[in-house]
1. For segment 170-188, enumerate the residues that are away from the ligand (no atom under 11 Å from the Cβ) and surrounded by 20 or more Cβ atoms within 10 Å (Cβ to Cβ).
2. From the list Val269, Val257, pick out the single residue that is touching a Ser or Thr at 6+ places or on another chain (Cβ under 9 Å) and either assigned to a helix (DSSP H, G or I) or surrounded by fewer than 20 Cβ atoms within 10 Å (Cβ to Cβ) (or both).
3. Return the pair list, or none, for Cβ contacts closer than 6 Å from residues in segment 15-32 that are in the same structural domain as Glu60 (by TED's automatic domain parsing) to residues that are aromatic (Phe, Trp, Tyr) and open to solvent by 20 Å² or more (accessible area, probe 1.4 Å), at least 6 apart or on different chains.
4. May I ask you to verify whether His19 is closer than 21 Å to Val174 by Cβ and within 16 Å of the ligand (Cβ to nearest atom)?
5. Of (1) at pLDDT 95 or above; (2) in the same structural domain as Phe82 (by TED's automatic domain parsing); (3) within 16 Å of the ligand (Cβ to nearest atom), Arg217 satisfies all except one. Which?
6. Just the residues that are more than 13 Å from Ser42 (Cβ to Cβ) and open to solvent by less than 80 Å² (accessible area, probe 1.4 Å), please, taken from segment 306-317.
7. Keeping to segment 114-153, report how many residues are more than 12 Å from the ligand (Cβ to nearest atom) and in a loop (DSSP other than H, G, I, E, B).
Amino acid sequence: MTAKKGRVFSGARPTGKQHLGNYLGAIKNYVQLQDEYDCVYSIVDIHALTTLETTVNLKENTLEMALDWLAAGMDPQKSVIFIQSHVPEVTELHIYLSMVTPEGKLTDLPTFKDKVRENPNNINYGLVGYPVLMAADILLYKADTVPVGIDQAPHIEFARECVRSFNYRYNTKVLIEPQMKVTQYPKIIGIDGVNKMSKSLNNEIEISATPELTQKRVVSMVTDPNRQRRTDPGNPDVCNVYSLHKIFSTSDQVNMVNTECRRAGIGCVDCKKMLAENINQNLAGLREKRSQLAAHPNDVWDILHDGDKRARVIAEATMQEVRKAIGFAE
Ligand code: ADP
């Protein structure tokens, strides 16, 4: 076996089915990096508790996420795919990292301020510490590379600072500074045409949606606001339908839309139908594989439980070094 370049870690909260933003911004890289790197991917269910009001769907959402990941090409033969709460060492590292983290640094993070705006009635201690737990995830597995969307940049920078603080405080080199890695599409905009595609904003297109639902979501996309009537010329440069055409359509179709939209030669409805067809075509294989996997959920749970075991081996080894570096009595 050839030596791998390094270790990759990434994770996502099991909030349900994955959307085009997750897929294009993160999962594409998860899949691509599997051959070159030693990859560890986590369904971060502990993180989910920071914002969830109820956990009744947690188990089901864990399975949904695993189905999306496996259908997209994440391969348990190549990567460790596991459930965060099944390797509790991460909570131990989290508490040690919290001791080298000034509280103000967490409350100053733009991502924290966003969460406060979204959930003003649930600002819990865990939410403040979210980036510390995320740093613990990455550092526990000694990852040097973290594939994420651009929204995660402040968290990766925070993780790097954690490493420097911890290693300096305990005069050690045990933790490794990670680098973030974005895809060609680090920020996919939602169907509202303005905000990052996100489940919580209800502006998402799920990768596992039916072709009909996909078409319905695409047809409801907000386009160039200045194009009020079919006869008005449009501006593809400010239209998210055009942005998605550039990802899912052929270059001939992209050129045609670019030219015809500007002279009102194509209407938004036809333009959107073409996009929906292309998205459906692009995801047909993934959806087919997903339904096959969904027919055997126990096999998926087995994959995750096997991942748990493999993750725990790495986690235990790191924690032995961490405890030693801190200087606990043996
Ligand atoms: P979490 O909050 O657990 O990170 P998300 O579902 O928000 O879960 O994100 C999972 C991954 O997908 C992250 O790496 C995130 O940066 C990426 N991602 C989420 N939304 C988008 C988007 N609209 N465009 C690009 N990447 C995204």
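1. So the first thing to find is which residues in segment 170-188 are away from the ligand (no atom under 11 Å from the Cβ), and the list is 170-179.
Correct list: Leu175, Pro178.
2. Testing whether each residue is touching a Ser or Thr at 6+ places or on another chain (Cβ under 9 Å) and either assigned to a helix (DSSP H, G or I) or surrounded by fewer than 20 Cβ atoms within 10 Å (Cβ to Cβ) (or both) leaves just Val257.
3. Partner pairs satisfying both residue conditions: Leu24/Tyr185; Gly25/Tyr185.
4. Working: closer than 21 Å to Val174 by Cβ: no; within 16 Å of the ligand (Cβ to nearest atom): yes.
For His19, the condition - closer than 21 Å to Val174 by Cβ and within 16 Å of the ligand (Cβ to nearest atom) - is not met.
5. Arg217 satisfies all of (1) at pLDDT 95 or above; (2) in the same structural domain as Phe82 (by TED's automatic domain parsing); (3) within 16 Å of the ligand (Cβ to nearest atom) except (2).
6. We begin by selecting, within segment 306-317, every residue more than 13 Å from Ser42 (Cβ to Cβ); these are 306, 309, 313, 316-317.
Within segment 306-317, Asp306, Ala317 qualify.
7. 11
Yes/no matrix, rows are residues, columns are (1) open to solvent by less than 50 Å² (accessible area, probe 1.4 Å); (2) in contact (Cβ under 8 Å) with a residue 60 or more places away in the chain:
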site	(1), (2)
Tyr141	yes, yes
Ile150	no, yes
Ala153	yes, no
Phe158	yes, no
Tyr168	no, no
Gly190	yes, yes
Val194	no, no
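The values are calculated or read from the model by the stated rules, or taken from the named source; none is laboratory data. Note that this is a predicted model, so its numbers are computed, not measured. In this analysis, Cβ positions are derived from the backbone assuming ideal geometry, glycine residues included, and neighbour counts consider all displayed protein chains. Calculation scope for accessible area: heavy atoms of the full protein, side chains included, ligands and nucleic acids excluded. Shrake-Rupley method; radii C 1.70, N 1.55, O 1.52, S 1.80 Å.
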